[in-house]
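The values are calculated or read from the model by the stated rules, or taken from the named source; none is laboratory data. All figures in this text were calculated on a predicted structure; none of them were measured in a lab. Here the Cβ positions follow ideal geometry from the backbone for every residue, glycine too, while neighbour counts run over all protein chains shown.
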Amino acid sequence: MIKIASKNFDGFELSEDHLDLLNGINEKTRQILERINNRKPFYMYNQAKQIIKSEIDCRFRDADQDLNDRGRILFFYGNFNTGKTYTLKYSGFLLKTKYDTYWNSSEDVFPIIFIDLRDDINTAKQFLLFLLDQLGRSVDPKQIREWEKTNVTEIRLRDKIIRLLETYKTRILILDECQRLLKSRNPDIPNIFEALKDLTTKSYWNGDLRTHFILCGTQDGVPLLEAADWIQGRAHSIKLKSLPIAEYGIFLWTIYEGFIQMGISKEWDFAIEDAESHELILNPEIALFLYKRSGGKAGLTVELIRDAVKRALNSGKKFPSKEDYKLVILEGVTYKTEDGSNETSNTKNSIQVVIGYDNRQCQIERCPRHKNPYKTYRGLINHYKNKHPNVELLNREGDRI
């Protein structure tokens, strides 16, 4: 069993109101819509394959190896909608298929656990209490007060979490939305990392098993690396990037074939007939349009195509057109239209500034912070968002921050 201690992943359920909208649609179209809504396929691509194989599979497999005392924490990050959570949760299903014996021993065994972090966690104690609550073992406040008298609260909470993970036989614990720990009001992030370090320290565990921790978050979570010194080199980071255009084309074709298998007509303009071979090939015009709309982000592309297909079917068409893609609203996305202008969703940015992790001072010359650097990268990011909301921040790879 895979325990997901969070909201239903990518959940979409047909409500009664939605079913009423389908009354005028023929039965075949209704069935296709239900397949799309009920099936959540993962469209694999090379970057995801490599991460699952080189980082997640080996962590799962080696969780009970008698390694050194210094447990490692993987920080898996990237921009919004690059498919981070999707990749991690799909890897869970792949691991369940590959190592099914770990799930067959008991109903109370959870080899992989997902937890969504909240943005109101400000101290190490709150962090540990939150984990216990999500793991199904809340602590009595009276007990907390007793521990506080002798200053052993965090030690007791740490031990309870470890004993529980041992009971669950949890090999990987994934903490999603970890950028929420980095609110500007949160000065206790080093102590939260200290708590994570203790949770991965082998000497606190009873048997051979030791749970691996994976932190997952957006680009806003990069300043977590500033606290890496507090976990003594245990942090390892991987960035999930937007797809290069060549790989993006292969990815689109995989999505097209997936929808064809669910019953969508092969004739939609996603694919065209090759003049020489007379075989179906990817329509380069549509492919480039989707690449610009999504920024090459895998997660956003899946959402865009799925919503366009459902929009088309609900309006009585057999397949989506370019207009259906245009009508899908994508939060915070800017792209070039055919006439060269910018089309923007939910953003007012007009100036682009490129900064690196080592930058600390504002690049706006007349700003007081132009010659007065911040102590942390996060402080600079908050400065731009508060003082220069018209600035669009990019990292050195060209991704939005």
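Count of segment 274-306 residues, restricted to those that are touching a helix residue (DSSP H, G or I) at 6+ places or on another chain (Cβ under 8 Å), outside any helix (DSSP H, G or I) and either over 17 Å from Glu247 (Cβ atoms) or not small (Gly, Ala, Ser) (or both), is 1. Every test in (1) under 13 Å from Leu215 (Cα atoms); (2) touching a helix residue (DSSP H, G or I) at 6+ places or on another chain (Cβ under 8 Å); (3) of a type in the set (D, E, K, R) is passed by Lys96 save one, and that test is (1).
Restricting attention to segment 225-246, the residues that are in contact with a strand residue (DSSP E or B) (Cβ under 6 Å, 6 or more places away or on another chain) and either of a type in the set (A, V, I, L, M) or at pLDDT below 65 (or both) total 4. Scanning segment 265-279 for residues that are closer than 24 Å to Leu33 by Cα and of a type in the set (A, V, I, L, M), we see that the one that is surrounded by the fewest Cβ atoms within 10 Å (Cβ to Cβ) is Ile272.
The single residue among Ile155, Ile172 that is buried (at least 21 other Cβ atoms within 10 Å of the Cβ) and closer than 21 Å to Lys197 by Cβ turns out to be Ile172. List, please: which pairs have Cβ atoms under 8 Å, are six or more places apart or on different chains, and start with a residue in segment 205-229 that is at positive phi and surrounded by fewer than 18 Cβ atoms within 10 Å (Cβ to Cβ) and end with one that is at pLDDT 90 or above and not in a helix (DSSP H, G or I)? Close Cβ pairs satisfying both conditions: none exist. Of the helices (runs of 4 or more DSSP H) lying entirely inside segment 70-172, those containing at least 3 residues that are under 24 Å from Asn46 (Cα atoms) are 84-98. Within the option set Asp57, Asp64, being under 30 Å from Glu257 (Cβ atoms), in the same structural domain as Phe193 (by TED's automatic domain parsing) and surrounded by fewer than 20 Cβ atoms within 10 Å (Cβ to Cβ) holds for one residue only, Asp57.
This table checks each residue for (1) out of contact with any strand residue (DSSP E or B) (no Cβ under 6 Å at 6 or more places or on another chain); (2) outside the structural domain of Tyr291 (by TED's automatic domain parsing); (3) exposed (fewer than 11 other Cβ atoms within 10 Å of the Cβ); (4) at pLDDT 85 or above.
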residue	(1), (2), (3), (4)
Arg311	yes, no, no, yes
Gly316	yes, no, yes, no
Glu323	yes, no, yes, yes
Thr334	no, no, no, no
Asp339	yes, no, yes, no
Arg360	yes, yes, no, no
Cys367	yes, yes, no, yes
Tyr377	yes, yes, no, no
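Yes/no matrix, rows are residues, columns are (1) closer than 29 Å to Lys49 by Cα; (2) within 22 Å of the chain's Cα centre (by Cα); (3) β-branched (Val, Ile, Thr):
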{"position": "Tyr86", "(1), (2), (3)": "yes, yes, no"}
{"position": "Asp119", "(1), (2), (3)": "no, yes, no"}
{"position": "Leu132", "(1), (2), (3)": "no, no, no"}
{"position": "Glu146", "(1), (2), (3)": "no, no, no"}
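You will find that of Leu117, Leu94, the residue that is hydrophobic (A, V, I, L, M, F, W, C) and either loosely packed, with under 14 Cβ neighbours inside 10 Å or closer than 27 Å to Glu194 by Cα (or both) is Leu117 and no other.
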